[in-house]
Amino acid sequence: MRRSFNTVCSSINDFMEMYNTLLYYCYSTIANAEQFAADHLKFCKSLGLTGRIIVADEGLNGTVSGSVEACKTYMDTVHADERFAKTEFKIDEVDTPSFVKMHVRYKSEIVHSGLRDPNVIDPKQKTGKHLEPKEFLAMKDRDDVVVLDVRSNYEHSLGKFKNAVTLDIDNFRDFPDMINQLAQYKDKKILTYCTGGIKCEKASALLLHEGFPEVYQLHGGIIKYGKEAGGEDFEGKCYVFDNRLSVDVNSVNPVVISTCLNCGKTTPKMINCANPECNEHFTQCDECGTAMDGCCSDACKEHPRKRVYDGTGYYVKVPQPVNVSKNKLQPIV
Ligand SMILES: [Zn+2]
Ligand SMILES: [Zn+2]
């Protein structure tokens, strides 16, 4: 009797287990950053975390996922290091970890901007004035303000602030080439925003360097704005760089702005193309998903390695044994 009682309890606990997904960055000089990255990977693995962290001489940029307890230990440890004491973590509650593997990689920048010369752009020295979500909300509709989305096409096509200026770029490293197009706004206050705030540190620094007199940035990005300002006037969903693909932001006045790639109908559903060699992120309605087997094009639909479309458009690549029981991952077929 007792044994079966314990079994019931443990399965309830399994069901109740909650996970966190953390998003953060910190611009802070790291000496011997390559070694730091190797040590940090070991540390993350020891906590059973999954995720992706970039380490550079200029700081840390990460999104990690794991049990509530492991995430707390992780945050406490990062904060205990005086270089990262001011790091702000955006914390999401999730039912399953948002990644399957743990990567910590050393790179030349924590977000690839193509602006590697710290003598020109160094957010630790000079960057746009930080606005808290409610300050941003209060300022954004003024006549002397332009709200600038510094993210890429695949991100702002899924969701953006109402009336924001967007840029036709496929990667943030193309942002510097777009500065000339923004010259028409030089007499306005520029309010930049991105997903979690990290790109704005450099984008706003570059705008200041290029002679824009008043540049502000949304501190903590769209994610923090969703938590602290209800996401008001953010239209559509926010693209995120993990298995969730997108998250809801706006609980005040939400609308859907993205459209199905195939038929043009309004849909919030973002999927990966079922052709693993394409794997394109795009929005597709349920009807077209069924008709196209979750593919972006007829060519992908005919691809011999096409994956089985189960209606989600979400494909787990390499499930790690450590997560399989908790994560209830479907085996790859
Ligand atoms: Zn469609
Ligand atoms: Zn495709």
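Taking E287 as the residue in question, decide whether it is free of Cβ contacts under 8 Å to residues at least 24 places away in the same chain and not assigned by the TED database to the domain that holds V147.
Details: free of Cβ contacts under 8 Å to residues at least 24 places away in the same chain: no; not assigned by the TED database to the domain that holds V147: yes.
For E287, the condition - free of Cβ contacts under 8 Å to residues at least 24 places away in the same chain and not assigned by the TED database to the domain that holds V147 - is not met.
Rundown of residues vs (1) modelled with pLDDT under 95; (2) of a type in the set (D, E), yes/no style:
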{"position": "A274", "(1), (2)": "no, no"}
{"position": "C288", "(1), (2)": "no, no"}
{"position": "M292", "(1), (2)": "no, no"}
{"position": "D298", "(1), (2)": "no, yes"}
{"position": "G311", "(1), (2)": "yes, no"}
{"position": "V316", "(1), (2)": "yes, no"}
{"position": "V324", "(1), (2)": "yes, no"}
{"position": "K328", "(1), (2)": "yes, no"}
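Kindly list the number of the only condition in (1) touching a residue at least 40 places away in the same chain (Cβ under 8 Å); (2) buried (at least 18 other Cβ atoms within 10 Å of the Cβ); (3) part of a loop (DSSP other than H, G, I, E, B) that fails for K126.
Among (1) touching a residue at least 40 places away in the same chain (Cβ under 8 Å); (2) buried (at least 18 other Cβ atoms within 10 Å of the Cβ); (3) part of a loop (DSSP other than H, G, I, E, B), K126 violates only (2).
Are there any pairs with C-beta distances below 9 angstrom linking a residue in the range 241-263 that is under 18 Å from G226 (Cα atoms) to a residue that is of a type in the set (K, R) and within 16 Å of ligand 1 (Cβ to nearest atom), with the two at least 6 apart or on different chains, and if so which?
S246/K269
Can you name every residue in the range 246-278 that is in contact with a Leu (Cβ under 8 Å, 6 or more places away or on another chain) and within 14 Å of ligand 2 (Cβ to nearest atom)?
M270, I271, N272
Kindly check whether there is at least one residue in the range 137-155 that is of a type in the set (S, T, N, Q) and over 21 Å from the mean Cα position of the chain (by Cα).
Filtering the range 137-155 for residues of a type in the set (S, T, N, Q) gives 152-153.
Still in the list and also over 21 Å from the mean Cα position of the chain (by Cα): none.
No, every residue in the range 137-155 fails to be of a type in the set (S, T, N, Q) and over 21 Å from the mean Cα position of the chain (by Cα).
From the list V100, V120, V104, which one is assigned to a loop (DSSP other than H, G, I, E, B), under 24 Å from K45 (Cβ atoms) and of a type outside the set (G, A, S)? Can you show your working first?
Numbers: V120 fails: under 24 Å from K45 (Cβ atoms); V104 fails: assigned to a loop (DSSP other than H, G, I, E, B).
The unique qualifying residue is V100.
Output the residues belonging to the range 195-232 that are over 26 Å from N20 (Cα atoms) and of a type in the set (D, E, K, R).
Passing the criteria: K202, E210, E214.
Of all the residues that make up the range 166-213, how many are closer than 29 Å to K86 by Cα, surrounded by 15 or more Cβ atoms within 10 Å (Cβ to Cβ) and in contact with a helix residue (DSSP H, G or I) (Cβ under 9 Å, 6 or more places away or on another chain)?
20
The values are calculated or read from the model by the stated rules, or taken from the named source; none is laboratory data. Keep in mind that what you see is a predicted model, and the values were worked out from it rather than measured. Backbone-built Cβ (ideal geometry, glycine too); neighbour counts: all protein chains shown.
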